[in-house]
1. Here are the criteria: (1) touching a helix residue (DSSP H, G or I) at 6+ places or on another chain (Cβ under 7 Å); (2) within 14 Å of chain B (Cβ to nearest Cβ); (3) within 14 Å of the ligand (Cβ to nearest atom). Tell me which single one A:Ile50 does not satisfy.
2. Does A:Leu153 qualify as being modelled with pLDDT under 75 and either aromatic (Phe, Trp, Tyr) or assigned to a helix (DSSP H, G or I) (or both)?
3. Which ones in the stretch A:53-67 are within 15 Å of the ligand (Cβ to nearest atom), within 17 Å of the chain's Cα centre (by Cα) and more than 13 Å from every other protein chain (Cβ to nearest Cβ)?
4. Name the residue, out of A:Asp91, A:Asp59, A:Asp108, that is over 13 Å from A:Cys32 (Cβ atoms) and in contact with a Gly (Cβ under 8 Å, 6 or more places away or on another chain).
5. Within the stretch A:23-43, can you find the residues that are in contact with a Pro (Cβ under 7 Å, 6 or more places away or on another chain) and either farther than 16 Å from A:Asn74 by Cα or within 7 Å of the ligand (Cβ to nearest atom) (or both)?
6. All but one of (1) surrounded by fewer than 22 Cβ atoms within 10 Å (Cβ to Cβ); (2) within 14 Å of chain B (Cβ to nearest Cβ); (3) more than 9 Å from the ligand (Cβ to nearest atom); (4) under 23 Å from B:Thr205 (Cβ atoms) hold for A:Gly20, so report the exception by its number.
7. Find the residue count for the stretch B:182-217, including only residues that are closer than 16 Å to B:Leu234 by Cβ, touching a Phe, Trp or Tyr at 6+ places or on another chain (Cβ under 7 Å) and β-branched (Val, Ile, Thr).
8. Taking the condition of being touching an Asp or Glu at 6+ places or on another chain (Cβ under 9 Å) and at the interface with another protein chain (Cβ under 8 Å from one of its Cβ atoms), how many residues in the stretch B:29-65 meet it?
Amino acid sequence: MINLGNEHHEFADEIKADSGINFNVCLHCKTCANGCPFIEGMDYAPNAVIRLVQLGLEDVALECSSIWICVGYNTCSSYCPMAIDIPAVMDGLRHKAIEKGVKIAEPDVLNFHTEVLNTVKKYGRTHKLEIMMRYKLKKMDFLSDMGLGLKMLKKRKLDLTPSKVQDKKAIEKIFKEK
Amino acid sequence: MKKFLKKNKNNRSSERLRFSFFPGCALKVSGHESTLSLLKFCDSVNIELKELEDWNCCGSSSAHSIDHNVAKHLPMRNISLVPKGIPLLIACPSCLIRLKSTYLKIKEDENLRQEYEEAWGKPFDEDLEIIHFFEIFNRIRLEDYINHLEEKLKKIKVAPYYGCMLSMPPNLRFENNYSGIMEKTLSKLGADIIPFGYANMCCGTYLSVAKPQLAQKVVTQIVSKAMEAGAECLVTACSMCHLNLEIRCALENSIPVLHFSELLSMALGAEDQKKWFPRHIVDPVPLLKKRGLLVS
Ligand code: SF4
């Protein structure tokens with residue numbers, strides 16, 4: 001049996017406020033879990049993540065891998081009978097995990113997102129080649145996918161030079177705006 | 001009556017439709033063959049796409065994952081760039097969701113509207129239409145541009161793959177839904193549609209980089225199920241899906257993956273395939289020759 005004090009509401013309220021989603025209407029019907037192709041890489045099914053939040057198990061929720069494995073492509077939310085925007089809840093949890101500085105379960109995913117935004121900050125658009133190089137550099141992994149990278153360059157799937165936004169000031173403003 | 005219909009039909013085809021076009025990073029910087037064939041197709045059906053001037057990345061999957069504020073303002077700037085009165089057409093499903101959700105949020109939220117107008121120095125355009133490329137098929141009739149359309153694709157066996165394209169977050173649930181649009185269009189053009197049950201399974205998007213094993217498993221399953229069902233090729237309308245289906249499939253004998261726009265353009269008689277097909281990792285040329293869709 002789990003004994004709940006009143007504090008467990010706080011965390012749920014925080015995530016509810018941050019994500020703007022009322023996940024308390026979740027029926028735990030597991031439609032989301034059954035439809036997710038990446039559940040294998042998650043330690044908790046999407047509905048179980050919602051449960052963790054409802055129970056106020058903050059550390060477990062913020063340190064679980066599911067919030068990083070979820071790619072947010074709405075297979076779950078399209079079919080959720082309660083129309084819960086599950087990816088938005090995951091977004092809320094990811095932000096909270098970064099904010100609270102907890103241990104990130106899938107650093108590679110965070111590393112990838114960071115590198116994507118680095119190129120957007122620099123050019124206004126993503127630059128795949130640079131994202132890949134920096135991602136690999138941080139990971140100190142140059143060997144895996146090397147052949148694939150070369151094949152993609154040969155097939156011109158990775159442009160060498162970035163495509164850029166002219167109005168650099170506007171992009172700077174976006175990354176400064178709070 | 002007949003005369004009237006005929007006249008009306010001609011009118012339809014002579015009226016040039018104009019759209020602002022948001023290519024997004026996937027199309028602009030790596031899916032060149034997808035962009036080229038898309039532009040070609042639109043031109044052949046009398047549609048003018050004018051690239052949105054100085055557009056920026058929509059934020060992709062990364063901005064909303066780790067930076068709310070950037071995720072809000074990247075789409076906002078794009079919305080502010082659209083010339084008034086011209087609908088914005090987007091081909092990438094992910095960019096569409098980012099821009100459209102932001103647009104609807106601004107529309108509903110007075111504070112956000114104020115923030116938008118202050119940051120981007122323009123009044124918010126209430127009437128802006130943001131549409132997916134698929135919407136074109138509700139606005140034109142291929143019959144008006146092609147004779148004998150049912151003979152064009154010569155019974156090539158295609159498995160249409162949508163990935164997440166038809167899945168919408170709850171706030172976009174009541175937007176137009178395009179289920180079956182590739183099946184309908186391609187079968188009208190004479191392709192043989194192979195249903196395979198995995199058409200809506202996500203391709204893994206960036207997990208292909210950060211968690212390659214997970215993406216590989218899913219992609220290999222998608223491709224092998226299409227092959228088991230008897231498909232000669234997969235067809236996708238998203239260049240991110242296209243890339244993942246090509247690079248993460250672990251099968252030795254994988255079938256080619258074609259862009260929806262490539263098949264459409266070919267059916268309309270385009271001859272620029274030389275610019276598209278060398279960019280494919282699994283060469284579609286032998287199959288297309290075998291089916292008599294390419295000569296020499
Ligand atoms: S599909 Fe919706 S209601 Fe059902 S378990 Fe998942 S989040 Fe809860």
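The values are calculated or read from the model by the stated rules, or taken from the named source; none is laboratory data. What you see is a predicted model; the values in this text were computed from it and never measured. All Cβ positions, even for glycine, are placed from backbone atoms using ideal geometry, and neighbour counts span all protein chains on display.
1. For A:Ile50, the failing item is (2).
2. Here the answer is yes, as A:Leu153 does meet what is asked.
3. The answer is A:Val53, A:Ala61.
4. Residue meeting the stated conditions: A:Asp91.
5. A:Leu27, A:Cys29, A:Thr31, A:Cys32, A:Ala33
6. Checking A:Gly20 against (1) surrounded by fewer than 22 Cβ atoms within 10 Å (Cβ to Cβ); (2) within 14 Å of chain B (Cβ to nearest Cβ); (3) more than 9 Å from the ligand (Cβ to nearest atom); (4) under 23 Å from B:Thr205 (Cβ atoms), the one that fails is (4).
7. Counting residues in the stretch B:182-217 that are closer than 16 Å to B:Leu234 by Cβ, touching a Phe, Trp or Tyr at 6+ places or on another chain (Cβ under 7 Å) and β-branched (Val, Ile, Thr) gives 1.
8. Counting residues in the stretch B:29-65 that are touching an Asp or Glu at 6+ places or on another chain (Cβ under 9 Å) and at the interface with another protein chain (Cβ under 8 Å from one of its Cβ atoms) gives 9.
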